[in-house]
Every structure is written in C-alpha cells, then in structure tokens.
Amino acid sequence: MSEPWLVNIQHEKLSFFTPAGEVKALNDVTIQMKPGEVLGIVGESGSGKSVTAYSIMGLTADNGRIVGGSVEFNGHQIDKLSEVEMRKIRGKEVSIIFQDPMTSLNPVYTIGNQIGEAIRLHTDKKGDEVKQRCIELLSLVGINEPEKRLKQYPHELSGGMRQRVVIAMALACEPKLLIADEPTTALDVTIQAQILELMQDLQKRLGMGIIMITHDLGVVASMCDRIAVMYAGEIVEYGEVDDIFYNPKHEYTRGLIASIPKFYEQEYERLVPIEGQPVDLLNPPAGCPFAPRCKACMKVCLNQKPERMDFSERHYARCWLNVKAAMESNQ
Amino acid sequence: MSDERKLLEVSDLKQYFPVAGSRDVVHAVDGVSFHINKGETFGLVGESGCGKTTTGRSILRLTEPTSGRIVFDGDVLFDSQTGEKAKMLPYRRRMQIVFQDPYASLDPRMTVGDIVGEPMDIHKLFSNKEERQARILELLSHVGLNSEHANRYPHEFSGGQRQRVGIARALAVDPEFIVCDEPVSALDVSIQAQVVNMFEDLQRELGLTYLFIAHDLSIVNHISDRIGVMYLGHLVEVASSDELIFHSAHPYTKSLISAVPIADPKTARKSKRIVLEGDVPSPVNPPSGCPFRTRCPYQTEVCSQSMPELAEIAPGHQAACHHIDKVGE
Ligand SMILES: Nc1ncnc2c1ncn2[C@@H]1O[C@H](COP(=O)(O)OP(=O)(O)OP(=O)(O)O)[C@@H](O)[C@H]1O
Ligand SMILES: Nc1ncnc2c1ncn2[C@@H]1O[C@H](COP(=O)(O)OP(=O)(O)OP(=O)(O)O)[C@@H](O)[C@H]1O
Ligand code: SF4
Ligand SMILES: [Mg+2]
Ligand SMILES: [Mg+2]
C-alpha cells in the first residue's frame, strides 16, 4: 500500500497566460508531505514558492492553469475539484496566513466578529460556544486579555498581534495543513521570534502539517523538517534540513548557503554571491534553469534538463554534476 | 580637541516631530551620541521605528535636528547650543545617502545615465560634456553595470541593478561619507551578497566611510567595524562588531542577538531564543527612565526613575543599563 500523504504533488506544471506570452511558473514540481510534517520552501523572488503552495488550496489566479501533473491534498484530487467543492476544504482542512496580516483581516469588523465568522463557517458551533472558542483561540496564540481584544479592531493592534489573530483564525477548525507565506517577513526580529516560537509550539500541540514559505534560510533551519529549494519554477533540491545545509547537492543550494553571512564566525569571510540575474520565465533556459548563473556549468547543462538523482529516500537534486560524479565513480 | 581619526561626531542628537492635529510630539531620536572613524563602517541596528533613518537624515540635515551637535571632519555642521548652522551645499558633495527602496528612489522618466549625472550637474563638476559622459560610464562600471545601461530607464532593471544605480548616483560627487539606509533589505539573498561585496570593494578602493543602517543584524555584523544598537530613539549599546555579538551587555541587545534566525540547523537547535514579551512602546509616549524597561526581564524601580547613561563598560564598549552586572547571569 502507498503511504497516506497529506500533500502529494506529482510533476505539476502551471502556467499563467499573459499578453506577453505563457509564463511557465511551475515546471515539473513534485512534493510529498506526511501528516504533521513541517516543510520549508525557499528560493528567490519569482521562483514559484507561493504559486506552488496556493495551488494546493486551489487558489490560482484566473489567468493561470495547471497544465500538467497532479495535485493531491488530504485525499482530494485538487486539480479535478470545482470551486464550490474547493471552498469546503479551504479554511477547514487547509488554511493560509500571509506576510501582511491585513490581507486576511477586514478593517471594519472587530477581531471577535472575524474569528467568530471563521468558526461559524466551518463548524456547527453557535452563540456562546462561538465566543468561548474565540477566547480559547486567542489564548492559544498567546494574546492576553482575549475578551477585551474581541471587541477591538485590527488597527488597534500592533503588527505582531495582528499576525497572531490571523493565526488564530487559521486554526479555527484545526486544519491538517497550515500554509504560511512569509508570515514574519514584515515583522521585527524580536516579534518574528515570538511568532516562530508560537508556530513551533502550536505545531507540536496540534500535530498539523506546516508549509513555511520564506526567503530566509535562518527561518527554515530552526523550524522545518524538510526543505524544498526552488529555482525558476522547479524544485532543484529537496531533502531533510541537515541534507540541505550540510550535504547540498545542487549548485544553487550551495550558492545560497555561501551567500549569507555566518553569524557566529569571528574570522571575517567575504560573502560568495551568486552572480548574474534571476531567470525570465517568459524565456526560460532550455537546460538547467540555473545554468546561466552557475560557476560549474557544463555544456550539457545549457541544453538538457538535468535528471533527478536520489541520494536517499527523501533527498534528491537535479544537477548534472551529480550524474557526472556517479558516472565517474562507476568507471 | 578634535580627534584626527574621527570623521563624524554626533552629540546628544534629538529629532522630534509634531503629531498632526495634536500637541504631542514623536520622540524619533532622543539624545543619541556616537562617532564614526575615517574609513570605517558604523552599523546601526534596531527595530522598525526606533529612529535609524531619522538619525541618518538629521546627520545630513535633510531634516533639521531639534537639538544636539554634529561635527564632520572637524567642522561644526550644527550646534543647537551655539546656534551654529553650516551652509550645507559644500558638504552635500562630501556626504551622500543611498536609500532602501530601489524602486521609489529613482526617477522613472530619467535614463540611468542622467540619474547618475544629475548630482554632477548640481555641483557643477563638469563643464565639458565628454568628460561628464566618461565619468558616468566610469561610475557605472564601478558598480558592475556597463556603458550600454546608461541609455536605459529604471523600469528595465532588476532590484539589485537599480540599487547599483542608486549607489553610482551617490558616488558621482566623490563623497567621503555615505549613509546607507537599508540598501540591501529589499533584495533577494543571492543579490544581497553581490551588493554587500560591492560596498566593501568601493570602500577599499575609494577610502569611503559608511553609516550602514539595517534591521538585519547578521548583515550589519558582517559589514561593520563597530555597531550601535538603537531602541526607541536611544542608543543602548555601542561596541566593535565582534565584541557586540560575543560579549553583548544590554538586555535588549542580548534578546536581539538571540532572535536572529541562524542559518545552521545544529546551532539553531542548540540555541535558546530570549523571547521578549509585548511590543515596542510608542515614541509619542515613551516610558519614563529606561526606554526598554517595559519589556526588560531585569527591570527594577530605578529603571523607571532615571534614564541609564550610555557608559563605557570595557574599552570601546558602551552600554546604557542600570543593571549591567546582573544581565546574563
Ligand atoms: N497572475 C499571474 N499572472 C502572470 N504571472 C504570474 C501570476 N502570478 C504569479 N506569476 C508569476 O509566477 C512566478 C512565480 O510567482 P510566485 O508568486 O510563486 O513567486 P514567489 O517564489 O512566491 O516569489 P516571492 O518571493 O516574490 O513571493 C513569478 O514569475 C510571477 O511573476
Ligand atoms: N517626518 C516625520 N514626521 C513624523 N514622524 C516621523 C517622521 N519621520 C519619522 N517619524 C517617526 O519617527 C520614528 C522613527 O522613524 P524612523 O523612520 O527613523 O525609524 P527607523 O528606525 O528607520 O524604522 P524602519 O526600520 O521602519 O525604517 C517613527 O515612529 C516614525 O513614525
Ligand atoms: S536599565 Fe533597567 S529596564 Fe533598562 S535595560 Fe537595564 S535593567 Fe532593563
Ligand atoms: Mg511569494
Ligand atoms: Mg528606516
């Protein structure tokens, strides 16, 4: 029998159709997540992190379409569901929080109204039960004096508190999966630490899966079990946190790690940047998407897509160097 | 008794702003003193709204300080006690600023060449067109762009490239001192490293002095010789970067350091975050005494009664806290 995956994305291709042409935002994305796992997705701006995660919720912009592969979540074949069916799953089995908490909050309703609405929509709780649950949720996310907060409006709260409220709303019906799209990027470091601490704590207590989208390798290092490294719409490497940091198998992953400062390093070390500019998805390179910026680029990299090579059950990368190394060691 | 090595000296700088429609004032910068040596990078960190940008702008007198004293290369630019106010035009050439937002800070209707040339025209550096053009191309190559880029418009460039244009513009007048206000915060990690290295190279080649503002302590630590930590309009700690990271003394600095997400899973698993309760108070109504006391795990009565002085606790290391000896025990 196959394992019961919480998320099982196989060879997903997703394009946006724009006046300028077809933007191939996702190109053969494969992700498998067990229940209760924390997956980090890292990569540069425009690499497809959000598009991947939103497609699990059936939230793709009108001009976008899954043009290949399949997306399965919690037993649902997402790419086959209608919007009406999708709405029953959203907020109930999977919730999302965004970088800017105001994306999810309505400025003209009180906090109590908005969390209450989320509860009424997805559970059969009524009246006082709803209020009790609101208070419970606010305490769960570490907001003190929850009863007083219920009557307040979003603008009366600080950025960190608003993000806590959004998390409370997302947890209203105990989803199996929480998608967090750069949830702390807009927050100050000390507030970011509070929110990350909270998410880790909730994950342990509620056992939900989390997809953490971020450009900050520090955030994934402390939070995630597994990491998907995306580049130009492809997952170039996927593995356990330690695989990615201590045994990276793709030149982009290596470059990413080398380009950030080592914090506890007394010796000064010059940063090693990745030269060049990110890919134009209207005209993606024929071979490895990273080839134009790769220091180790070979001829084959320019015109053929690298094959996926597996290093362990849950660690793979797509880079011709690995194929070359394997061939050399076989000789 | 001015010190030859000091390029900039700021004493008790205050910058208050009125709050529209009320008699309140924002205590954006509330008595900040520090110096920057020639050729060094002084990093300024702290959370959003603590007054970093305002400090940088008042040093250049882009906003007129409420009070304090600013000395640049031995010349008094501003002194509220004597009433001295220097004419800034000659100093504008020597002191420049690079902004955070590479999208908003460039005029979309001007070509990159003209953007870089504009400060030269303001300061009438060239009467000869060819020389001016040659200088523009030289500057573009300094920041890793090429001559073909001069005729293009900002919207044709990526964030990292635009930031390079902003830096070329700042360099156009041969400054000695540059305020870099979050110059890499809006950029992707891989591009951040390109721009940080460029700042370092330019400093070495041209002998520049930087005030480098950022909220990302790991970038600031990487690029700075010395670092000042700000909280609610005050400098709470100043030290060399290594001293600050490895021997921080102020409770706020300690929590800030522990909150930095470390991109190394083994270290991250071992280290314990000091999670601060609550939020930063409003600079309109700052707390009495120590600005940090409302969130400080060490605070006692004295903390609400008097403001701790920024005092020397080790050579070249200053901190402002009543209970330095108790912190970290
Ligand atoms: N509605 C749309 N129409 C056209 N292109 C789109 C649309 N939505 C996303 N894209 C493109 O798809 C690609 C992937 O976008 P996505 O938002 O997933 O990036 P990301 O990795 O989340 O980046 P960021 O870190 O900036 O959030 C980008 O190149 C983006 O421009
Ligand atoms: N022109 C102004 N008028 C009124 N208030 C101002 C003005 N400029 C800044 N402030 C206020 O002064 C305080 C300090 O702002 P400043 O921009 O210096 O902070 P910062 O440390 O640079 O923050 P960030 O990290 O968000 O850039 C803030 O409370 C801000 O709202
Ligand atoms: S002076 Fe008091 S409140 Fe301020 S940092 Fe020190 S112990 Fe904390
Ligand atoms: Mg995104
Ligand atoms: Mg600022």
* Looking at the square roots a ≥ b ≥ c of the eigenvalues of the Cα gyration tensor of chain B, which shape do they give, rounded for a/c under 1.5, prolate if a/b is larger than b/c, or oblate? -> prolate
* Among A:273, A:19, A:154: highest mean-square fluctuation, GNM of chain A, C-alpha pairs under 10 Å -> A:19
* To do: Quote the relative contact order of segment A:115-269 in percent (integer), defining contacts as alpha-carbon pairs under 8 Å separated by 6+ residues.
  => 15 percent
* Structure fact -> In a Gaussian network model of chain A with springs linking alpha carbons closer than 10 Å, the residue among A:283, A:74, A:27 that fluctuates most is A:283
* **Cross-link pairs B:52/B:272; A:24/A:324; A:176/A:249; A:148/A:204; A:80/A:126; A:176/A:204 - those with Cα-Cα distance over 23 Å** => B:52/B:272; A:24/A:324; A:176/A:249; A:148/A:204; A:80/A:126
* Looking at segment A:173-277, which GluC sites (Glu not before Pro) are in a loop (DSSP not H, G, I, E or B) and have at most 14 other Cβ atoms within 10 Å? -> A:265, A:267, A:269
* Longest to shortest principal axis, alpha-carbon extents of segment A:122-206, angstrom -> 38, 31, 18
* Tally up the carbon and sulfur contribution to the accessible surface of the protein assembly as shown as a whole percent, 1.4 Å probe, everything protein left in place. => 49 percent
* **Mean accessible surface per residue for segment A:178-256, computed with a 1.4 Å probe while every protein chain stays in place, in Å²** => 24 Å²
* Structure fact -> Percent relative contact order for segment B:109-248, counting Cα pairs under 8 Å at least six residues apart, stands at 19 percent
* How big is the Cα convex hull of the protein assembly as shown in projection, averaged over all directions, in nm²? -> 34.4 nm²
* residue B:124: which lysines have alpha carbons under 24 Å from its alpha carbon, excluding same-chain residues fewer than 8 sequence positions away? -> B:85, B:87
* What does the average come to when, for each residue of peptide A:213-225, you count the partner chain Cβ atoms lying within 10 Å of its Cβ? -> 4
* Can you figure out the FRET efficiency of residue A:155 with residue B:266, using R₀ = 30 Å and their beta-carbon distance, to the nearest 0.05? => 0.10
* **Potential extension, residue A:328-residue A:108 segment - 0.36 nm per residue separation minus Cα distance** => 72.7 nm
* Structure fact -> With only helices counted (DSSP H, runs n ≥ 4, each -39500 (n - 2.57)), the per-residue ellipticity at 222 nm for chain B, to the nearest 500, works out to -9000 deg cm²/dmol
* Ignore the peptide's own chain and count Cβ atoms of other chains within 10 Å of each Cβ in A:271-281; give me the average, rounded. => 5
* Quick one: buried accessible area between A and B, total over both chains, 1.4 angstrom probe, nearest 100 Å²? -> 3900 Å²
* Taking the Cβ of residue A:211 as the center, what net charge do the other residues with Cβ under 12 Å away carry, scoring Lys and Arg +1 and Asp and Glu -1? -> -1
* Which value results when the Cα radius of gyration for segment A:84-243 is divided by 2.2 N^0.38 Å? -> 1.06
* **Cα→Cβ-extended label distance, 7 Å offset, between residue B:174 and residue B:84, nm** => 2.6 nm
* Which of the residues in segment B:202-237 lose at least 10 Å² of accessible area when you go from the chain alone to all protein chains together (probe 1.4 Å)? -> B:215, B:218, B:219, B:221, B:222
* To do: Excluding residue A:274 itself, calculate the net charge of residues whose Cβ lies under 13 Å from the Cβ of residue A:274, where each Lys or Arg counts +1 and each Asp or Glu counts -1.
  => -1
* **Per residue value of the accessible surface for chain B (all protein chains in place, 1.4 Å probe), Å²** => 44 Å²
* Asked: Once you wrap a convex hull around the alpha carbon atoms of chain A, what is its projected area averaged over all directions, in nm²?
  -> 20.2 nm²
* Evaluate the distance, in nm, between pseudo-label points positioned 7 Å from the Cα of residue B:309 and of residue A:204 along their respective Cα→Cβ axes. => 4.5 nm
* In segment B:242-329, trypsin sites (Lys or Arg not before Pro) in a DSSP loop with at most 14 other beta-carbon atoms within 10 Å -> B:272, B:326
* Would you calculate a helix-derived [θ] at 222 nm for chain A, using -39,500 (n - 2.57) for each DSSP H run of n ≥ 4 and dividing by the full residue count, to the nearest 500? => -10000 deg cm²/dmol
* Only loop residues by DSSP count here, and only those with at most 15 other Cβ atoms within 10 Å; note down the chymotrypsin sites (Phe, Trp or Tyr not before Pro) in segment A:257-331 that meet that. => A:264, A:268
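The values are calculated or read from the model by the stated rules, or taken from the named source; none is laboratory data. This structure is a prediction, so every number in the text was calculated from the model and none was measured. Virtual Cβ from ideal backbone geometry, glycine too; neighbours counted across all protein chains shown. Quick note on the areas: whole protein, heavy atoms, side chains included, nothing else; ligands and nucleic acids left out. Shrake-Rupley method; radii C 1.70, N 1.55, O 1.52, S 1.80 Å.
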